[in-house]
Amino acid sequence: MSTFQAPKGTYDLLPPDSAVYLAVREAIAAPLRRAGYGYVETPGFENVELFSRGVGESTDIVTKEMYTFTTKGGTRLALRPEGTASVLRAALEANLHKAGNLPVKLWYSGSYYRYERPQAGRYRHFSQVGAEAIGAEDPLLDAELIVLAVDAYRSLGLSDFRLLLNTLGDKTCRPAYRAALQDFLRGLDLDEDTRKRIEINPLRVLDDKRAAVRAQLTGAPRIADHLCEECKAYHEQVREQLTAAGVRYEDDPHLVRGLDYYTRTTFEFVHDGLGSQSAVGGGGRYDGLSEMIGGPELPSVGWALGVDRTVLALKAEGVELPLPRATDVYAVPLGEEARRALFTAVTALRRDGVAADLAYGGRGMKNAMKSANRSGARFALVAGERDLADGVVQLKDLDSGEQTPVRLDELVATVKERLR
Ligand code: HAM
């Protein structure tokens, strides 16, 4: 152990578990790639303003959870707490929306930072894979993204997740709803912070988890009763298309989400094996975000799935992902000449796509064989001076223990054949 430990609320990904994280990221990305989403990568930090304006001044993310700092040059930056504002900023900056091909479809994978109270499933550094479709208002696009997330979860073998669906209205109907909600909320017995929130974004108050607040919220005006005809029709099409794709959802009129930029469709995936931090992913439409950060009108929709929580969900369901072997062949050289010969053999195997490793450090046979077994390899490649003089190496099947000499010049072909 060193003097240092990983900071509070963070953890390290180490082999062999780290392979599961890679596989989860890959499984979430695969359906996106097949649906025309291109990979985007943005910096780990941005101007603070991008998030305070984009994610919203009434959210916990902005008021309490951002890691902010001032650079030596005096610029106020924040470690990114989420991906949507950054991805939209990048698309606008590169004028991707002007290339004529709307929506601009992008996917991303990376680290995000929120100064939250750590607990199981809630970390200060976590990982998301996300997708954004920028510049099109089409209920089929909302449905597409939801279907792609469902397909990703299913491809991982998950089944105990549910999709919660809601709509938050648009600039036509939301203002009247907002005013009605504010009237209702102002009459309640609430603390100072919550009162402020009523004035900035009253919908966020509906998301309050405290029992004393929740109790007062029964009878609050419901968005469903205030939707304009366009929003109703739009939402109906999203629902129809989900049903047509065999995706089950639950209408949840209380689903607000923790970010201010949402309009119309909002959704969350919850997993029933995770306890209180049950949201494995979420997203929705954000038709006004572009204008909020100084861009043109670009109605958009997206989601982000939490990689850490998806891994926890796999554990909760007892799903073991079929991971490729880290090592197929492990070479055990006996003596200096064999070390050099097997190094060359291992290099040739790797160049031909076989995962191969070698016992480094000039250890004894027994010790090196232990490493071979621990590596999980299918075969050990053992050679001493006599083998090399005969132009062979011993290929030992580590499952059966059976050992056969193989000519060095036929090694790659033989190994590949036997691995098939
Ligand atoms: P979000 O709901 O804040 O949405 O985060 C998405 C997912 O990230 C959550 O469902 C959860 O699985 C994971 N997550 C969030 N915070 C933590 C944490 N502290 N520890 C572990 N996992 C966490 C967004 O971030 C939006 N940008 C999604 C989006 C994309 N909306 C439109 N486009």
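The values are calculated or read from the model by the stated rules, or taken from the named source; none is laboratory data. Since the model is a prediction, treat every value here as computed from it, not as a measurement. Don't worry about glycine lacking a Cβ; one is built from the backbone with ideal geometry, like all the others, and counts go over all protein chains shown. For accessibility, only protein heavy atoms count, side chains too; no ligands or nucleic acids. Shrake-Rupley method; radii C 1.70, N 1.55, O 1.52, S 1.80 Å.
Could you tell me the calculated FRET efficiency between Thr3 and Tyr67, based on Cβ-Cβ distance and R0 = 35 angstrom, to the nearest 0.05?
0.90
If I take every Cα pair under 8 Å that is 6 or more residues apart in the range 329-419, average their sequence separation and divide by the length, what percent do I get for the relative contact order?
The value is 30 percent.
Can you give the relative contact order of the range 15-127 as a percent, counting alpha carbon pairs under 8 Å and 6+ residues apart?
It rounds to 28 percent for the range 15-127.
Check Gly281: other-chain or 5+ apart residues with amide H under 5 Å from its amide H, H built from backbone geometry?
Phe269, Gly306
Using +1 at the C-beta of Lys and Arg and -1 at the C-beta of Asp and Glu, which of Phe161, Leu79, Tyr108 has the Cα lying farthest in the positive direction of the dipole of the chain?
Leu79
Val392's amide H: which non-local residues (gap 5+, or another chain) put their own amide H closer than 5 Å, with H modeled 1.01 Å from N in plane and none for Pro or chain starts?
Hits under the 5 Å cutoff: Leu408.
With a cut-off of 8 Å between alpha carbons and a minimum separation of six or more residues, what is the relative contact order of the chain in percent?
16 percent
What dipole magnitude, in Debye to the nearest 20, does the range 276-420 give about its Cα centre under +1 on Lys/Arg Cβ and -1 on Asp/Glu Cβ?
460 debye
On a C-alpha basis, how far is the centre of the range 1-72 from the centre of the range 277-316 in Å? Whole number, if you could?
With the range 1-72 and the range 277-316 each reduced to a Cα centre, they are spaced 12 Å.
For a quick protection proxy, order the peptides 358-368, 3-13 by their average other-Cβ count within 10 Å, most packed first.
358-368, 3-13
How would Met292, Met1, Met369 line up by accessible area, probe 1.4 Å, largest first?
Final ranking, largest accessible area leading: Met1, Met292, Met369.
Could you give the dipole magnitude of the range 23-154 about its Cα centre, charging the beta-carbon of Lys and Arg +1 and that of Asp and Glu -1, in debye to the nearest 20?
460 debye
What is the percent carbon and sulfur in the accessible area of the range 329-419, measuring with a 1.4 Å probe over the protein chains and ignoring ligands?
With neighbouring chains kept in place, the figure for the range 329-419 is 47 percent.
Calculate the FRET efficiency for Cys228 and Arg374 from the Cβ-Cβ distance with a Förster distance of 56 Å, rounded to the nearest 0.05.
FRET efficiency, Cys228 to Arg374: 0.30.
For the chain, set up a Gaussian network in which alpha carbons nearer than 10 Å are linked by springs, and say which option among Val87, Val301, Val213 fluctuates the most.
Val213
Using the charge dipole of the range 127-235 (Lys, Arg: +1 at Cβ; Asp, Glu: -1 at Cβ; taken about the Cα centre), state which of Ala133, Val213, Ile198 has its Cα farthest towards the positive end.
Val213
Could you give me the radius of gyration and the Dmax of the range 329-419, taking only the C-alpha atoms into account and expressing both in angstrom?
In order Rg, Dmax, the Cα atoms of the range 329-419 give 11.5, 30 Å.
Counting only pairs 8 or more residues apart or on different chains, how many lysine pairs in the chain have their Cα atoms under 27 Å apart?
Lysine pairs, 8 or more places apart or on different chains, close enough: 20.
Over the alpha carbons of the chain, what is the largest minus smallest coordinate on each principal axis, giving the biggest first in Å?
Computed over the chain, the largest-to-smallest principal extents equal 90, 52, 42 Å.
Where does the chain land at 222 nm, in deg cm²/dmol rounded to the nearest 500, when only DSSP H runs of n ≥ 4 count, each adding -39500 (n - 2.57), divided by all residues?
It lands at -11000 deg cm²/dmol.
What do the square roots of 5 times the Cα gyration tensor eigenvalues come to for the range 4-68, in whole Å, largest first, as semi-axes of the equivalent ellipsoid?
After scaling each eigenvalue by five and taking roots: 28, 22, 10 Å.
Indicate, rounded to the nearest 5 percent, the antiparallel portion of the DSSP beta bridges found entirely in the chain.
Close to 80 percent.
Taking the chain as a Gaussian network, Cα atoms linked when under 10 Å apart, which of Gly135, Gly38, Gly83 shows the biggest mean-square fluctuation?
With Cα springs under 10 Å in the chain, the top fluctuation among Gly135, Gly38, Gly83 is at Gly38.
If I measure Cβ to Cβ between cysteines in the chain, which ones have no partner under 4.7 Å?
Flagged as lacking a Cys partner: Cys231.
I'd like the FRET efficiency for Asn95 and His254, computed as 1/(1 + (r/R0)^6) with the beta carbon distance as r and R0 of 35 Å, rounded to 0.05.
0.35
How much accessible area per residue does the range 142-239 have, counting only protein heavy atoms and a probe of 1.4 Å, in square angstrom?
48 Å²
Heads up, I need the accessible area for Tyr115: 1.4 angstrom probe, whole protein in place, Å², nearest 10.
In the full protein context, Tyr115 sits at about 120 Å².
Using +1 on the beta carbon of Lys and Arg, -1 on that of Asp and Glu, and nothing else charged, what's the dipole of the chain about the Cα centre, debye to 20?
Dipole of the chain, to the nearest 20 debye: 1000 debye.
Measure off, as a whole percent, the carbon and sulfur share of the 1.4 Å-probe accessible area of the range 1-101, all protein chains present.
Carbon and sulfur: 55 percent of the exposed surface of the range 1-101.
Rank-order 199-212, 306-319, 400-413 by packing density, defined as the average count of other C-beta atoms within 10 Å over each peptide's residues, highest first.
Ranked by mean Cβ neighbours within 10 Å, highest first: 306-319, 199-212, 400-413.
From the backbone phi of the range 290-307, what are the Karplus-calculated ³J(HN,Hα) couplings (6.51 cos²θ - 1.76 cosθ + 1.60, θ = phi - 60°) in whole Hz, Gly and Pro given as x?
4, 5, 4, 9, x, x, x, 5, 9, x, 8, 8, x, 8, 9, 10, x, 5
Enter the accessible area per residue of the range 329-419 (Å², integer; probe 1.4 Å; all protein chains in place).
Value for the range 329-419: 54 Å² per residue.
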